[in-house]
Amino acid sequence: MELSKHKRIRNRKVIQEMRKQICERCGKPSYGEPHHVYTVGSGGGDIRENLIQLCADCHIAAHAGHVGKEELIDIVAEREGVTSDNVVKTNRKAMGYEVEE
Ligand SMILES: [Zn+2]
Ligand SMILES: [Zn+2]
């Protein structure tokens, strides 16, 4: 079905599983839900490769564009044990884009 291809992946369970007590960028205490590297508004999915726990400061900086998406992707890649390129591809696939293998 053409429509479902571009439907954002929603998964409350994964979001809860990815919650941590510390910021994955700077190590400061963190509360609340993880940040979506590819924003929900742009179709970013609720998948491990798109979620990163950030403290309030890093979270605000990320949304203000002071912390680049590339830096967050690098942190996620190291955590997942894959390359940054891989994280980008997995996210793009989850968002319904064609991805070259
Ligand atoms: Zn932080
Ligand atoms: Zn966020």
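The values are calculated or read from the model by the stated rules, or taken from the named source; none is laboratory data. Given the structure is predicted, the values throughout are model-derived calculations rather than measurements. Here the Cβ is made from the backbone with ideal geometry for all residues, glycine too, and neighbour counts use every protein chain on show. When the accessible area is computed, the model is the full protein with side chains, heavy atoms only, and any ligands, DNA or RNA have been set aside. Shrake-Rupley method; radii C 1.70, N 1.55, O 1.52, S 1.80 Å.
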Residues whose built amide H sits under 5 Å from the amide H of Leu51, excluding neighbours closer than 5 in sequence, are Val37
Using +1 on the beta carbon of Lys and Arg, -1 on that of Asp and Glu, and nothing else charged, what's the dipole of region 2-93 about the Cα centre, debye to 20?
440 debye
Whenever you get a sec, compute what percent of the accessible area on the chain sits on carbon and sulfur atoms (1.4 Å probe).
52 percent
Between Ala61 and Val40, what is the label-to-label distance in nm when each label sits 7 Å out along the Cα-to-Cβ direction?
2.4 nm
Region 2-93: Lys pairs at Cα distance under 15 angstrom, eight or more positions apart or on different chains:
4
Just to confirm the number: angle between the C-alpha axis of helix 69-80 and the first principal axis of the chain, 0 to 90 degrees, nearest 10?
90 degrees
D (Stokes-Einstein, µm²/s), Kirkwood Cα radius, the chain, 0.890 mPa s at 25 °C
177 µm²/s
How large is the helix-only mean residue ellipticity at 222 nm for the chain, computed as the sum of -39500 (n - 2.57) over DSSP H runs with n ≥ 4, divided by its residue count, in deg cm²/dmol to the nearest 500?
-11500 deg cm²/dmol
With 0.36 nm assigned to each residue of separation and the Cα-Cα distance removed, Lys20 to Glu33 gains 3.9 nm
